[in-house]
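First the structure, in the form of structure tokens, and then the observations on it.
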Amino acid sequence: MVNEIKKALSENERLLYQAQQIAGLGSFVMDIPTGRFKASPVLDDIFGIQPDTPHTYELWTSIIHPDDRQIIIEYFRQEVLGLRRRFNKEYRICRIVDGAERWVQGHGDLELDENNLPVIMTGTIQDITERKRWEKALQQSETRYRELVDLAVDGILVGSKDGIILDANRFMCKLTGLRHDELVGKHISAVLFTPESLANTPLRFDLLEKGEIVVSERQVFHVDGSVAFIEMRTKMMPDGTYQSIYRDITERKSTETSLLNFAKLLAQRVEERTNELQKANTTLKHSVQQIQANQALLNEVGRIANVGGWELDIQTGKQVWTEEVYHIHEVDLDFEPSKDNGIEFYSPEVRPIIENAVRQCAEKGESFDFEYPFFTAKGNPRWVHAIGKPDLEHGRIYGTFQDVTDRRLADDALREKNVALDQSVAQLRKLAMELTQAEELERKRLAVMLHDNVQQYMAAVMMKISLLDSKMPADEHARCAQGALALLGEALESSRSLTVSLCPPVLLEAGLMPGLRWLAEWMRDKHGLIVDVSGDDTRSLPGPLCSLLFQAVRELLFNIVKHSGVNKATVRVDHPNAKTLRIVVSDIGKGFPAGESRIGITSSGFGLFHLRERLAYIGGTFEVASEPGKGTCVTLTVPAIDSVPNVKRTP
């Protein structure tokens, strides 16, 4: 029976030892009057003492860390022994065997004698070094997280499911002008947004509860009375809170307003110019509409770039990235970033600049802020904005890393649109100058024709009439009168010829095809050119378009007379599709080499170069095909009437 009891006690002692060893928990019994104590093997191991070492009060106090020793001794004497309280304290020790510093937590209960004097203390001492290390690491992690949040260039706000603000970063306080304690505890709708903003875009807690990311634009009050435009991205977090990111887009909104005002001003100036250029009115209005449409494209806004945080150990060169930085670099989360492999994402020409900025930050404590292009691990080009702050006390550099590719692309697109706008304005100015030149040439031509023909005939008539006299013989009188009538007839014919050369009546009355047939007869009578005209009915064409196409065909026939060396030409009119009218003017004359143009401004002032420009502004084309010895073929195409803006059908 005794052996079984001893065996059970031995087994219990073994199990107790294993349990204490696993928990890092040692036990002791101290005799208060003598100061001697007994310790379990685990406690001896925690203190780093041999079992045969005298276990005394002095030994225990010598093990306590020098910085904690006096505090613990006074606590033991005054609180525990003096006030008969339970021993419960965390403190540091220095192990005797190796001098290693450890954290322990002691618990002890007193036993009192019949005089209420303490005689025995029984208790435990647990090694909590690892727990303390984790607590310190957790505190440092929380500090780094808070620093990153406060360093963000966007406002960050955390709220409850009821919309109560729980936390806000430094930029959020700057955005509203309120202190942290003035924001926390308030409802989001009562503190931040303008009433109109909430009315236009209400808070959608229902969408957040479904797990959606809600993106909206609102206006936020500042305490100084100003209002800022913000873009807000909100998501419900796993713990049931809401996290919102507020980006200040006031400058972007101001830029959009400036662009809209600029577009309106530009449209007004272009419209004024079109009023002066009556013959180009339709084309210019169409161009203004295109310019306004292009300007509207500039008002589109790209998505907001994501921001990540990073930290660099100055001594080892190792880096720590947040998940978003991995995403921007397009690398897996098991990628191990360092100063050496991080610089490889940038192009060779900017690497020295970045390395120097990091070196100055590490050596002199100078912060850096830069934007440079780099390539992701998948070879995709990006623009990034990096900010670095020194923390030399802890041997590190930390900062933010932001993908600003969309903003850079938007800037490039804006520059391209401005270049296109300048080019359009230059083209309009060029067309205006050409119209002015054409009008001047036409006025000179009319003046010459009037002077050389009609005025000469009228002067001769006046001379004939002045010779008439009542005393003149009857036969002489009749001869002068007949001569005057003949001259008047020639003057009338010259005036009619001038009218027809400007715009034949048949063109206005019957349409393009009758006008082209009349032109064929006129070219045969005046210049000996035989023109074969064929094609579809075009009576539905608007008058201005008929006049433009008539002038183009006439100039092409003039070129055939001057340069082709033949007396035959063909004009074919058809509709290759429902939306297009095509006119083909061809000859089998001399032709000319590719790249050599013999089609320019003629003496009439309405040259084909000018007509080519006018056709282009209504969506038409002007194509020339020629080869020496094989003739020339010119193809004109214009949109059908429904595709041409601001024109009326011929009645």
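Quick note: the coordinates plus some simple rules give every number you see, no bench work behind them. Fair warning: this is a prediction, and the values are worked out from it, not measured in the lab. No Cβ is skipped: glycine too gets one built from the backbone with ideal geometry, and neighbour counts run over all protein chains shown.
Data overview
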item	result
Distance between region 161-240 and region 349-391 - C-alpha centres, whole angstrom	33
Relative packing of peptides 55-63, 397-405 - highest average C-beta neighbours within 10 Å first	397-405, 55-63
Cβ crowding within 10 Å averaged over residues, with 78-90, 122-134 ranked highest first	122-134, 78-90
Extension reserve of the Asp52-Phe205 stretch, reckoned as 0.36 nm per residue once the Cα distance is removed	48.1 nm
Inter-label distance, nm, simple model (7 Å from Cα along the C-beta direction), Lys630/Glu74	11.2
Extension gain, His394 back to His527 (0.36 nm per residue minus Cα-Cα distance, nm)	38.2 nm
Flagged links, alpha-carbon separation over 21 Å, of Lys253/Lys389; Lys339/Lys378; Lys339/Lys364; Lys285/Lys417; Lys161/Lys186	Lys253/Lys389
Projected label distance in nm at Val506 and Val320, using a 7 Å step from Cα toward the beta-carbon	9.3
Long-range amide H partners of Glu627 with built H, under 5 Å	Phe592
Cβ-derived FRET efficiency at R0 41 Å, Leu83 paired with Lys186, nearest 0.05	0.35
Tensor-based shape of region 21-126 (alpha-carbon gyration tensor, a/c under 1.5 rounded, otherwise prolate or oblate)	prolate
Gain in span if fully extended, Asn577 to Asn116, counting 0.36 nm per residue against the direct Cα distance	154.3 nm
Ala616-Phe375 FRET efficiency (beta carbon distance; Förster radius 41 Å; 0.05 resolution)	0.50
Other-chain or far-sequence residues with amide H under 5 Å of Tyr398's (modelled H)	Leu312, Lys389, Asp391
Cα→Cβ-extended label distance, 7 Å offset, between Arg170 and Lys235, nm	2.5
